[in-house]
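**Student:** The structure that follows is given in the form of structure tokens.
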There are 6 protein chains.
Amino acid sequence: MVSPVGSVLTVMAHPDDAELWAGGTLALHAQAGAPVSIALPRTNEVRDREAAAGAEALGAALRLLDELTVDALRGLLTELRPEVVITHNAEDIHPAHQQTAQTLLTAVPRVVIATGHPRRVYTCDGYHNLRRDGRPLHLPVIVDVTSMWETKMRALAQHGSQPIAEHFAPMAQTLGRLHGGRIGVRYAEAFAPLPILGRLPASPHL
Amino acid sequence: MVSPVGSVLTVMAHPDDAELWAGGTLALHAQAGAPVSIALPRTNEVRDREAAAGAEALGAALRLLDELTVDALRGLLTELRPEVVITHNAEDIHPAHQQTAQTLLTAVPRVVIATGHPRRVYTCDGYHNLRRDGRPLHLPVIVDVTSMWETKMRALAQHGSQPIAEHFAPMAQTLGRLHGGRIGVRYAEAFAPLPILGRLPASPHL
Amino acid sequence: MVSPVGSVLTVMAHPDDAELWAGGTLALHAQAGAPVSIALPRTNEVRDREAAAGAEALGAALRLLDELTVDALRGLLTELRPEVVITHNAEDIHPAHQQTAQTLLTAVPRVVIATGHPRRVYTCDGYHNLRRDGRPLHLPVIVDVTSMWETKMRALAQHGSQPIAEHFAPMAQTLGRLHGGRIGVRYAEAFAPLPILGRLPASPHL
Amino acid sequence: MVSPVGSVLTVMAHPDDAELWAGGTLALHAQAGAPVSIALPRTNEVRDREAAAGAEALGAALRLLDELTVDALRGLLTELRPEVVITHNAEDIHPAHQQTAQTLLTAVPRVVIATGHPRRVYTCDGYHNLRRDGRPLHLPVIVDVTSMWETKMRALAQHGSQPIAEHFAPMAQTLGRLHGGRIGVRYAEAFAPLPILGRLPASPHL
Amino acid sequence: MVSPVGSVLTVMAHPDDAELWAGGTLALHAQAGAPVSIALPRTNEVRDREAAAGAEALGAALRLLDELTVDALRGLLTELRPEVVITHNAEDIHPAHQQTAQTLLTAVPRVVIATGHPRRVYTCDGYHNLRRDGRPLHLPVIVDVTSMWETKMRALAQHGSQPIAEHFAPMAQTLGRLHGGRIGVRYAEAFAPLPILGRLPASPHL
Amino acid sequence: MVSPVGSVLTVMAHPDDAELWAGGTLALHAQAGAPVSIALPRTNEVRDREAAAGAEALGAALRLLDELTVDALRGLLTELRPEVVITHNAEDIHPAHQQTAQTLLTAVPRVVIATGHPRRVYTCDGYHNLRRDGRPLHLPVIVDVTSMWETKMRALAQHGSQPIAEHFAPMAQTLGRLHGGRIGVRYAEAFAPLPILGRLPASPHL
């Protein structure tokens, strides 16, 4: 009755976004045996290599797209038929994050009608848990990732060209503890469900 | 990892509220073998009898309180140690619903510190899914109750002194279909989680 | 003092959208003698014919646009000078609905400065009354369409190539009853006013 | 089809509140021949006399209550059976305004079940259009009171013991112009509808 | 032109609340030479002594009230005439926090009319930055307290009878870093301004 | 400790927007000796001349851009390195305002990473203080511009080709008084801070 741990595809803007915002959850799904994929636009040789290392650390397959377009995403969604898709929040501060989310959301309806997948779409956290209007993001789906925290941080550390130790690791720590505190565990990641053609995720019971 | 189907206590204002707003979910928990209780203030002989018949139809125990006070609720919570508590929304249109929710929320913290229960608190839907400011209620936890719909409606029909056929059954139908449509099933009930001493429910995965 | 029943233009994305989200209201205006128009981008022969049949059932004129562009809408608005325009919600789930609303809102200001029309713009409901962030749409203008319900459903049924009986008719029923229940009638449609150059609709009294 | 101009009862905390927040609308209803009443708790001889003068200027009957209790309001509502009730916003900055609104809302449901009245309840504006959390009040029902503006200001001026010229008249001017600008007229007053037992006001058309 | 660092009075429910939610800011004001007071209801000998030690560590005066009533607060506000008052959020999860905030807000208007003080009122953060409806608190006034962080944590540690090391210190760390990250410093505390009789704090420039 | 009065760049859609929404604040910064610039797309000879006269009246430099593109704004931001940027609200009613805000927000992140500027970004008010969904704009940063009001109105009056006396000056008066009333002064302008790469403005104290 409870949805089993399903396959996941993340569609994000930058090579370290999947690790930063959803790394623990991806590792959790991967460990449970579900196929996990990270789709990204190609950046450059260095960052693409870091992305591959980060994905490997999480147990995920990396899918580099020449360009992150509606058509490219439709192709990937049709091929992978993921249970779950994770993308940025439409209210995210970063214009590239917004643009990525918008492209994904434009791609989804036709694929859902054709294939029935994805079944659930979630948006992830953003810089310092803020919306672009300066208000906090409301992310009601909170996943305990304590057991995967080291994996997440190791995956994040693969992005050596980025200011991980100075900026992103401390921010991830703070957000992990914030969401963790809200469900009474050490570390958590938080998400918001999006309706697909009017469909939201169901809860099997209370 | 997924929370098992836990015991439930509903604390509501009127004898037909549990059936109306959460009857399907209560029946679902009861059918799964979890103890389900309905706490109510005594009304009068007729309505108390209807409440007993409604509770029985759902597979729930009825707990009539002489008065719905903070102390009475603390006693009941300490005795029952429910996993889940359901009450009205603090933004509910009906003043008696608001008052009941406020009393329950005042009772909860001390009991949680002493007993660790309840672990999750949810608020339920209200008249025509409206808040008292005229905006729709946002209820992100949506439970498929299709299999329990007849049970719910039969329980609701026990309240023969109330305008069930004229008002409450059609409203329940509409709300059941509204929430059902949002998760792609025939009938659903919807709830919003409340933080208990800062703790919200966790999701085991996406 | 009360605004008379004015002419209406709907600008929506798909051939069945006008019927689905505003069919009762359009029929109400048409029956009161106001010119009602439905603007749509051409789709294909089958769906264009269904659109014509749907419009006829509502008493509306169909205006098929080769493409739904800002210029095409400016031309149509300038020609028709409608009192009221109805379009999708900017927070609608469907990307094509959002895009249509954005195009209309871009077209409107220059036409209003030149012609004084439209005087009022409203957005309509969406799939299962949901915003794209999963929250319910707040639609405070609720129109009793009980007398036009059969007309609306007959118009909707003209779209034979679409899953009307399986999906759209039941959803329309549920939303019609939801909004109807909120104003104490059998069926209603609900809308939200948008400011045009800072102007919102006025109420003649309380 | 459009609701006719109905009788109105205002229930507010202080002797000048009815004039300040709804004076133009009350005068409009009174001028259209509808009975208009202003209910207030007795304050002292001076202010009660000012309240009488203010009410007279608006064409309203003054109803002084020894105390503004649920029972007193139930008695008054049952006697007057007003079409419309206006009270403060539940989010109003002033604690006495909140308390008054809460008392009225507690009184209403039983009277509505017994008498069918009031049919519509509205909340009014507050100090500088602010909610108690510092956000602006959202008041979607905007009534053109340009023709009654002098009447309103004359009624407000009856409250000679209060800082009308220094504080309240300028604030009323600013709010009147703010809401007026939003509907393209010189002066307006704005309100928000509240659901009564789940019922909101209906719009006859768009 | 910029408001100088003013005197502060905190009005909170429990002996450790001032340290937990505003300790760094209080220490900052105290260090700048402004009188800082912490008002609390008496609890018991142990906790009152901890409160005194915590206040001393922050450089604040402790004011124990026999009961936290509207009259007691009016007396204290009239005596101290603070520039700034800090209290709990009206949307706080804890019923005692809500009640304290409500009592303070009821006390304020009459004192402001009589004395012109306080000039600014702020609400503070709550458990895991959550509102009682499970959404995050929006606290737009963010104060850099990095230089006072050790002082705050030392003051918090005075409350030896409470689970500081297990619960409150880690939560304070996480919230301090969350708000700090949002303004680019190590630790911050965050607040929301409340209108006093319709007056909000002014910014001298951008 | 308090941020000094910093340099400002406004990026808006039309030649009179800077005066209308931020003229008093710009004059305040200019008078304090901070460089103030107004960036605009070229319109035509008449309006460009009016823009120059308006800017001069405020003590600001005018920067006419051939086209308001991401690249043009990046160039300007890199050259000027302003402390503060002001643009339209993303929820503004006018499509051109939204588009301008979106272009600026797309330009900002890369420049901030490269130069550390701007340090703060604010959005301004809009027509009748309304969002495009008809709700009021929440603008928590309120600046007293009473001393600059005549300067602002004189600058606004330079736009002789526009309906200033009929429309914009009265609207500016009303909004100036609305925001002024909220901080207890005669005239104010109001803004909302936006996070830049997750950074919001800090308050030095309460």
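The values are calculated or read from the model by the stated rules, or taken from the named source; none is laboratory data. Treat the numbers as computed from the prediction; the structure is a model and nothing was measured. Positions of Cβ are generated from backbone atoms using ideal geometry, with glycine treated the same way; all protein chains shown enter the neighbour counts. Please note that ligands, DNA and RNA were not included when accessible areas were found on the heavy atoms of the full protein model with its side chains. Shrake-Rupley method; radii C 1.70, N 1.55, O 1.52, S 1.80 Å.
**Student:** Which value results when the Cα radius of gyration for chain D is divided by 2.2 N^0.38 Å? Please report the intermediate quantities before stating the final value.
**Tutor:** Working: Rg = 15.7 Å, N = 206, 2.2 N^0.38 = 16.7 Å.
Its radius of gyration relative to the 2.2 N^0.38 Å reference: 0.94.
**Student:** Roughly how many percent of the accessible protein surface of the protein assembly as shown is carbon and sulfur, given a 1.4 Å probe and a whole-percent answer? List each step's numbers first, then the result.
**Tutor:** Values: 21370 of 43410 Å².
So the carbon and sulfur contribution to the accessible surface is 49 percent.
**Student:** Separate question: Say the dipole of the stretch E:71-206 comes from +1 at the beta carbon of Lys and Arg and -1 at that of Asp and Glu; which of E:78, E:176, E:164 then lies farthest toward its positive end?
**Tutor:** E:78
**Student:** Nothing charged except the Cβ atoms of Lys and Arg (+1) and of Asp and Glu (-1): what's the magnitude of the dipole of the stretch D:61-138 about its Cα centre? Round to the nearest 20 debye.
**Tutor:** Values: 9 positive and 9 negative charges, 53 e Å.
Approximately 260 debye in magnitude.
**Student:** Follow-up question, since we're still on this one. With only Lys, Arg, Asp and Glu charged, each at its Cβ (+1 for the first two, -1 for the last two), find how big the charge dipole of chain E is about the Cα centre; round to the nearest 20 debye.
**Tutor:** Numbers: 18 positive and 20 negative charges, 120 e Å.
Rounded to the nearest 20 debye, it is 580 debye.
**Student:** What does the convex hull of the alpha-carbon atoms of the stretch B:1-102 project to on average, in nm²? Provide the component values of the computation, followed by the final result.
**Tutor:** Working: hull surface 26.8 nm².
It is 6.7 nm².
**Student:** Now for a different question. Let me confirm one metric for peptide F:136-147, namely the mean number of other chain beta-carbon atoms within 10 Å of its residues' beta-carbons. It would help to have the intermediate numbers written out before the result.
**Tutor:** Values: counts 8, 2, 10, 2, 11, 8, 5, 5, 5, 1, 0, 0.
Across F:136-147, the average partner-chain Cβ count within 10 Å equals 5.
**Student:** Using 1/(1 + (r/R0)^6) with R0 = 35 angstrom and r between the beta carbons of residue A:186 and residue E:102, what's the FRET efficiency to the nearest 0.05? Mind showing how you got there, number by number?
**Tutor:** On the way: r = 35 Å, r/R0 = 1.00.
The value I calculate is 0.50.
**Student:** I want to verify a result. In a Gaussian network model of chain A, Cα cutoff 10 Å, which of these has the top mean-square fluctuation: A:135, A:177, A:186?
**Tutor:** Among A:135, A:177, A:186, the largest mean-square fluctuation in the Gaussian network model of chain A belongs to A:135.
**Student:** A further question follows. Please give the charge dipole size of the protein assembly as shown, origin at the Cα centre, charges +1 on K and R Cβ atoms and -1 on D and E Cβ atoms. Round to the nearest 20 debye. Write down the numbers at each step before the final one.
**Tutor:** Values: 108 positive and 120 negative charges, 0 e Å.
My answer is approximately 0 debye.
**Student:** Pop out the ³J(HN,Hα) list for the stretch D:11-19 in order, Karplus 6.51 cos²θ - 1.76 cosθ + 1.60 with θ = phi - 60°, rounded to Hz; leave Gly and Pro as x.
**Tutor:** Karplus-based 3J(HN,Hα) across the stretch D:11-19 equals 10, 9, 7, 10, x, 9, 5, 4, 5 Hz.
**Student:** Another question, then. Within the set of other residues whose C-beta is less than 14 Å from the C-beta of residue D:128, count the net charge using Lys and Arg as +1 and Asp and Glu as -1. Before the final figure, lay out each step's value.
**Tutor:** Values: positive: D:131, D:132, D:135, D:177, E:199, F:177, F:182, F:186; negative: D:91, D:92, D:125, D:133.
Net of charged neighbours comes to +4.
**Student:** Between beta-carbons, use under 15 Å as the cut-off and find the net charge around residue E:202, counting Lys and Arg +1, Asp and Glu -1. All intermediate terms of the calculation are to be shown ahead of the outcome.
**Tutor:** Working: positive: E:119, E:120, E:199, F:177, F:182, F:186; negative: E:83, F:144, F:189.
So the environment of residue E:202 carries a net charge of +3.
**Student:** How many Cβ atoms of partner chains, on average, are near each residue of C:183-191 if near means within 10 Å of its Cβ?
**Tutor:** On the way: counts 8, 8, 2, 1, 0, 3, 2, 2, 2.
The shielding value for this peptide is 3.
**Student:** Under a 1.4 angstrom probe, counting protein chains only, how are A:161, C:147, C:7 ranked by accessible area, largest first?
**Tutor:** Values: A:161 60, C:147 90, C:7 25 Å².
Highest to lowest solvent-accessible surface, that is C:147, A:161, C:7.
**Student:** Give me, ordered by chain and number, the residues 5 or more places off residue D:145 or on other chains with an amide H under 5 Å from its own placed amide H.
**Tutor:** It is D:187, D:188, D:189, by chain and number.
**Student:** In terms of the Cα gyration tensor, with a ≥ b ≥ c the square roots of its eigenvalues, is the protein assembly as shown rounded because a/c is under 1.5, prolate because a/b exceeds b/c, or oblate?
**Tutor:** Working: a/c = 1.00, a/b = 1.00, b/c = 1.00.
Taking the square roots of the gyration eigenvalues as a ≥ b ≥ c, the protein assembly as shown is rounded.
**Student:** Are there trypsin sites (Lys or Arg not before Pro) in the stretch A:1-74 that DSSP marks as loop and that have at most 16 other Cβ atoms within 10 Å, and which are they?
**Tutor:** Details: sites: A:42, A:47, A:49, A:63, A:74; in loops: A:42.
Sites meeting the loop and neighbour criteria: A:42.
**Student:** With every protein chain left in place, what is the accessible area per residue of the stretch E:95-206 in square angstrom, probe 1.4 Å? The partial results should precede the final answer.
**Tutor:** Values: 3780 Å² over 112 residues.
Per residue, the stretch E:95-206 has 34 Å² of solvent-accessible surface.
**Student:** Kindly compute the accessible surface that chains B and E hide from a 1.4 Å probe when together, both sides summed, and give it to the nearest 100 Å². Mind showing how you got there, number by number?
**Tutor:** On the way: alone 9890 and 9880 Å², together 18850 Å².
Buried: approximately 900 Å² between E and B.
**Student:** In deg cm²/dmol, rounded to 500, what helix-only [θ] at 222 nm does the protein assembly as shown give when every DSSP H run of at least 4 residues adds -39500 (n - 2.57) and the total is split over its residues?
**Tutor:** Details: 36 runs with 510 residues, N = 1236.
Theoretical 222 nm ellipticity from helices: -13500 deg cm²/dmol.
**Student:** Just counting partner chain Cβ atoms within 10 Å, what average do the residues of peptide A:168-181 show around their Cβ? Provide the component values of the computation, followed by the final result.
**Tutor:** Working: counts 0, 0, 4, 4, 0, 2, 9, 4, 1, 8, 8, 4, 4, 12.
If you average over the peptide's residues, the count of other-chain Cβ atoms is 4.
**Student:** What is the distance in Å between the Cα centroid of the stretch B:66-90 and that of the stretch B:147-206?
**Tutor:** Each part's Cα centre sits 20 Å from the other's.
**Student:** May I ask for the net charge around residue D:25, where only other residues with Cβ less than 10 Å from the Cβ of residue D:25 are counted and Lys, Arg are +1 while Asp, Glu are -1? Don't skip to the answer; put the middle values down first.
**Tutor:** On the way: positive: D:152; negative: D:144, D:189.
After counting each charged neighbour, the total is -1.
**Student:** Now for a different question. Out of all DSSP beta bridges in chain B, what portion is antiparallel? Express it as a percent rounded to 5. Write out the running numbers ahead of the final one.
**Tutor:** Values: 10 of 27 bridges.
Of the beta bridges lying entirely in chain B, close to 35 percent run antiparallel.
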